[in-house]
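First up is the structure itself, then whatever we jot down about it.
The values are calculated or read from the model by the stated rules, or taken from the named source; none is laboratory data. Note that the structure is a prediction, hence the values are computed from the model and not measured. Reconstructed Cβ throughout: ideal geometry from the backbone, glycine too, with neighbour counts over all protein chains shown. Heads up: the accessible areas ignore ligands, DNA and RNA and are worked out on the full protein's heavy atoms, side chains in. Shrake-Rupley method; radii C 1.70, N 1.55, O 1.52, S 1.80 Å.
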Amino acid sequence: MGSQPGPANGQMRFFNPGEAAFVRAAVARLIPSDELPGAIEAGVDQFIDIQLGGAWGAGERLFRGGPWHPGSPSQGYQLPFTPAELFRNALRAIASDVELKGKGPFEHWHAKDQDAYLTELQKGTRDLGGVPSNVFFESLWGLTVEGFLCDPVYGGNRGMVSWKMIGFPGAYANYYHLIDQHGIAFTRAPMSLADNGRGEVMLHPDIPAQPMAKGQ
Amino acid sequence: MATTLPATDVVLVGVGLVGTMMGRELTRAGLKVVGLERGQPQFTVPDFQGPRMHDELRYSIRKALMQDNTREPITFRNRSSETALPIRRWESFLPGTGLGGAAVHWNGQTYRFQESDFRMRTLTEQRYGKKFMDADLQVQDWGVTAAEMEKHYDRFEYLLGVSGKAGNIGGRKVAGGNPFEDPRAREYPTPPMKEPYGSAMFRKAAASLGYHPFPQPSANLSQNYRNPEGMELRTCMFCGFCERYGCEHYAKASPQTVLLPVLMNDQRFTLRTGAQVLRINLSPDKKHATGVTYVDAAGSEFVQPASLVILGSFALNNVRMLLLSGIGTPYDPQSGKGTVGRNYAYQTTSAVQIFYNEKININPFMRSGASGTVIADFVSDNFDHGPHKFVGGAYVGEVMSHGRPIEFHPTPPGTPAWGAGWKHAVARYYNHAIALNIHGSSMAARQNYLDLDPTYKDAWGQPVLRMTFDFPDNDIRMSKYLTERTMAIARAMGGEQVVPGARQRPYTVTQYQTTHTTGGTVMGSDPSNSVVNPFLQSWNVPNLFVIGASNFPQNASYNPTDTVGALAYRASEAIVERYLKNAGPLVAT
């Protein structure tokens with residue numbers, strides 16, 4: 001797909017409008033915006049949408065063979081769901097749950113109530129369409145951190161806001177002459193691996209972790 | 001129906017570090033060699049070039065260079081009473097794949113093991129008595145000595161161009177190097193790398209406490225270097241994208257940068273990538289390997305007859321290949337009988353974090369995979385274990401290798417797990433924190449082993465490897481003691497807050513620790529407790545050599561690659577000088 005621009009801001013290709021609204025409101029609480037940029041400025045919701053709608057969402061690098069057992073925590077993730085399935089099922093269950101509460105859509109709740117609900121998901125194991133709520137929360141949080149801190153080529157970390165915030169220079173490749181200047185303040189603007197040389201970052205709709213095996 | 005190919009002198013199973021080295025030595029001896037690599041061909045140009053290579057999400061998080069776990073998973077459990085389940089995503093360790101193998105995405109930390117590692121059982125019993133070790137430990141001698149290994153370490157380090165400072169040349173102590181190392185013949189090929197800020201702080205603190213800091217030996221080079229094979233390496237740029245990545249700069253020693261192009265130019269060598277070896281074929285009496293069966297990337301099956309088989313795949317896959325081929329007796333933890341899969345060990349790592357005020361810029365993103373400063377005062381038997389009631393040890397150092405932010409965004413205890421508090425802590429501490437690494441040994445124990453899983457199959461319909469592992473009590477005690485000692489160094493490093501993190505049970509596959517999986521085809525002088533003899537030749541099948549970290553009877557404090565390379569050179573010397581003249585067992589049984 002080369003360096004074609006990705007979807008325009010706000011245009012979702014995996015989430016339906018209700019799901020998109022919940023995820024946007026949730027990530028806005030997970031990494032809120034204040035005097036420092038948050039998940040919304042970074043485009044985290046769009047990053048998650050792109051990931052779930054692409055190879056990663058379809059289960060790339062996830063072994064999917066059965067049989068299935070819950071296992072112990074040290075054995076890691078053992079559900080049959082791809083990330084896309086996991087989100088779809090959990091978000092459907094969350095939508096019903098929110099509706100039952102009768103307080104209107106989640107995105108309109110007070111921040112304090114939103115935080116309480118997210119904490120409940122994080123600390124509980126309530127069944128969300130086959131997905132324990134803590135497993136859903138961990139998946140959402142994992143993707144949120146990735147979308148906040150990744151290279152902007154993936155549609156998150158828009159404008160490299162998080163890299164500017166922490167001082168990470170990005171894809172820059174040479175510190176040979178600086179490494180022994182101990183404690184130096186590195187002030188060069190960060191660089192994306194998809195920087196086009198004019199200060200613009202070209203979005204890549206999907207970069208699979210690994211191309212198909214070519215053989216000889 | 002398999003197609004039988006023309007016979008060759010040698011077939012290599014895996015063309016990573018070991019395969020490339022053995023291919024070079026055996027073609028040099030005049031043999032025709034076929035290299036079978038399951039993954040793809042990959043080279044510095046065009047495959048490892050920036051800025052595309054500097055993609056944390058793709059390479060670190062999605063594990064682009066690693067074994068395809070959707071086709072070849074491993075199952076895991078902590079103890080044999082549990083049901084092993086597939087590791088559905090790689091996290092704890094990362095088996096590589098593709099041409100060059102794990103030596104493409106390694107960090108370049110290049111240490112020699114010590115005499116007290118190679119003769120651990122004998123020397124421990126001599127110094128501390130026969131009852132000192134816990135009853136569950138199956139520590140044993142390697143069947144080699146540090147003196148025998150020296151010339152092979154030397155040759156391998158000069159192949160890589162390792163940057164370091166000798167501490168002991170021919171028995172004479174040299175200031176600035178590791179005073180605990182066994183004698184080496186000469187200085188490192190290139191001088192130490194530049195010392196990063198945090199490493200310098202560690203060096204001063206460690207020295208002030210009476211320890212002996214030295215620069216970590218690195219296969220990311222401090223200067224341009226031409227190796228004895230005529231390959232040119234370049235100076236490392238400290239780009240901070242090393243482990244889990246290929247090197248764009250020709251600065252990290254890997255098969256591609258130190259040897260593979262030489263081998264590829266040899267008419268006697270044939271490389272086949274996308275070749276998944278299913279099994280080593282045996283004669284009816286199971287005492288002779290006739291070659292291997294493999295499936296190519298398009299799904300066609302082939303038999304490659306060969307006079308000599310070199311199994312040099314990733315350590316875990318070496319073990320699985322013997323089990324799949326019915327070579328040797330699988331280990332049974334109940335009876336203690338059998339050797340294949342026995343003595344699986346790992347690395348007992350822990351960390352201490354130091355948080356600084358905002359005036360101290362650590363610049364964690366300016367790093368090489370193997371830059372840094374360490375001490376060996378607590379390695380192996382370099383200190384008196386008598387009062388501590390454990391064996392083994394760790395090197396301790398400031399060896400941070402990157403500041404890639406998805407993986408690295410340290411926050412002090414008490415920081416909220418998410419929300420505004422988390423974000424502000426990440427912003428506050430990203431450039432003002434250091435982690436000290438405690439890289440500890442891992443003792444083989446009776447209850448830890450590898451075998452074939454009874455349930456799960458790979459994409460070719462063959463049983464996957466099953467890992468049964470938890471940290472033995474001995475290693476938990478070691479980790480606690482070493483982490484406490486490291487806390488004292490950390491407190492002397494001028495931070496605001498010091499946070500310990502000793503290793504706890506249970507071992508979990510959900511957290512990256514190291515890729516140093518060892519054992520399962522261990523070397524030794526006694527066929528009742530080893531799979532290969534001290535020249536890495538199968539006790540059962542003399543025309544099969546099994547080479548890799550799977551040969552380690554237990555894992556030492558240091559990183560394994562230098563020892564794997566030295567063992568490969570030692571095996572190649574035995575094959576060329578002795579086996580080719582008289583094909584048969586190199587050690588009588």
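Do you know which of the residues in the stretch B:27-54 that are surrounded by 24 or more Cβ atoms within 10 Å (Cβ to Cβ) and not β-branched (Val, Ile, Thr) is farthest from residue B:318 (Cα to Cα)?
Here the residue is B:48.
Within the stretch B:210-220, take every residue that is in contact with a Lys or Arg (Cβ under 7 Å, 6 or more places away or on another chain) and within 14 Å of chain A (Cβ to nearest Cβ) and give me the one that is most open to solvent (accessible area, probe 1.4 Å). Step through it out loud before you land on a result.
Step one: filter the stretch B:210-220 for residues in contact with a Lys or Arg (Cβ under 7 Å, 6 or more places away or on another chain), giving B:213-215, B:219-220.
Then keep just the ones that are within 14 Å of chain A (Cβ to nearest Cβ); that gives B:215, B:220.
Details: B:215: 33, B:220: 4 Å².
Within the stretch B:210-220, the match that is most open to solvent (accessible area, probe 1.4 Å) is B:215.
Out of the residues in the stretch B:226-244 that are aliphatic (A, V, I, L, M) and either in a loop (DSSP other than H, G, I, E, B) or within 11 Å of chain A (Cβ to nearest Cβ) (or both), which is surrounded by the most Cβ atoms within 10 Å (Cβ to Cβ)?
Among residues in the stretch B:226-244 that are aliphatic (A, V, I, L, M) and either in a loop (DSSP other than H, G, I, E, B) or within 11 Å of chain A (Cβ to nearest Cβ) (or both), the one surrounded by the most Cβ atoms within 10 Å (Cβ to Cβ) is B:237.
Working only within the stretch B:482-502, note down all residues that are outside any strand (DSSP E or B), open to solvent by 40 Å² or more (accessible area, probe 1.4 Å) and modelled with pLDDT of 95 or more. Before you say what the answer is, go through the steps one by one.
Narrowing the stretch B:482-502 to residues outside any strand (DSSP E or B): B:482-496, B:502.
Checking the rest, the ones that are also open to solvent by 40 Å² or more (accessible area, probe 1.4 Å) come to B:484-485, B:491-492, B:494, B:496.
If the condition is that a residue be outside any strand (DSSP E or B), open to solvent by 40 Å² or more (accessible area, probe 1.4 Å) and modelled with pLDDT of 95 or more, then B:484, B:485, B:491, B:492, B:496 are the ones that fit.
Can you say whether residue A:194 is at the interface with chain B (Cβ under 7 Å from one of its Cβ atoms), hydrophobic (A, V, I, L, M, F, W, C), under 21 Å from the mean Cα position of the chain (by Cα) and surrounded by 15 or more Cβ atoms within 10 Å (Cβ to Cβ), as far as the supplied structure shows?
no
Specify the residue that is most open to solvent (accessible area, probe 1.4 Å); the eligible residues are those in the stretch B:55-67 that are more than 7 Å from chain A (Cβ to nearest Cβ) and not aromatic (Phe, Trp, Tyr). Don't jump to the end; show me each part of the working.
Quick first cut of the stretch B:55-67, residues more than 7 Å from chain A (Cβ to nearest Cβ) only: B:59-60, B:65-67.
Next, from what is left, pick out any that are not aromatic (Phe, Trp, Tyr): B:60, B:65-67.
On the way: B:60: 1, B:65: 21, B:66: 0, B:67: 3 Å².
Going through the qualifying residues, I end up with B:65.
Only residues that are more than 14 Å from chain A (Cβ to nearest Cβ), in a loop (DSSP other than H, G, I, E, B) and either in contact (Cβ under 8 Å) with a residue 24 or more places away in the chain or among the hydrophobic types (A, V, I, L, M, F, W, C) (or both): list them for the stretch B:400-442, please.
Within the stretch B:400-442, B:412, B:413, B:441 meet the criteria.
Does residue A:113 meet the test of being in contact with a Lys or Arg (Cβ under 8 Å, 6 or more places away or on another chain), without any contact (Cβ under 8 Å) to a residue 12 or more places away in the chain and farther than 27 Å from residue A:87 by Cα? Explain how you work it out, then say what you get.
Details: in contact with a Lys or Arg (Cβ under 8 Å, 6 or more places away or on another chain): yes; without any contact (Cβ under 8 Å) to a residue 12 or more places away in the chain: yes; farther than 27 Å from residue A:87 by Cα: no.
Against the criterion (in contact with a Lys or Arg (Cβ under 8 Å, 6 or more places away or on another chain), without any contact (Cβ under 8 Å) to a residue 12 or more places away in the chain and farther than 27 Å from residue A:87 by Cα), residue A:113 does not qualify.
Mind checking whether some residue in the stretch B:265-284 is within 30 Å of residue A:173 (Cα to Cα) and within 11 Å of chain A (Cβ to nearest Cβ)?
Looking for residues that are within 30 Å of residue A:173 (Cα to Cα) and within 11 Å of chain A (Cβ to nearest Cβ), one finds none in the stretch B:265-284, hence no.
If residue A:135 satisfies all but one of (1) assigned to a helix (DSSP H, G or I); (2) open to solvent by less than 40 Å² (accessible area, probe 1.4 Å); (3) under 30 Å from residue A:191 (Cβ atoms), what's the number of the condition it fails?
(3)
For residue A:65, state whether it is of a type in the set (Gly, Ala, Ser), within 14 Å of another protein chain (Cβ to nearest Cβ), over 23 Å from residue A:122 (Cα atoms) and open to solvent by less than 40 Å² (accessible area, probe 1.4 Å).
yes
Could you tell me which of the residues B:535, B:552, B:471, B:545 is open to solvent by 30 Å² or more (accessible area, probe 1.4 Å) and at pLDDT 95 or above?
B:535
Take the conditions within 11 Å of another protein chain (Cβ to nearest Cβ), touching a residue at least 12 places away in the same chain (Cβ under 8 Å) and either open to solvent by 10 Å² or more (accessible area, probe 1.4 Å) or β-branched (Val, Ile, Thr) (or both) and apply them to residue B:86. Does it pass?
Criteria not met by residue B:86.
Whether any residue in the stretch A:154-165 is over 30 Å from residue B:41 (Cα atoms), open to solvent by less than 50 Å² (accessible area, probe 1.4 Å), more than 10 Å from chain B (Cβ to nearest Cβ) and touching a strand residue (DSSP E or B) at 6+ places or on another chain (Cβ under 7 Å) is what I want to check.
Scanning the stretch A:154-165 turns up at least one residue that is over 30 Å from residue B:41 (Cα atoms), open to solvent by less than 50 Å² (accessible area, probe 1.4 Å), more than 10 Å from chain B (Cβ to nearest Cβ) and touching a strand residue (DSSP E or B) at 6+ places or on another chain (Cβ under 7 Å).
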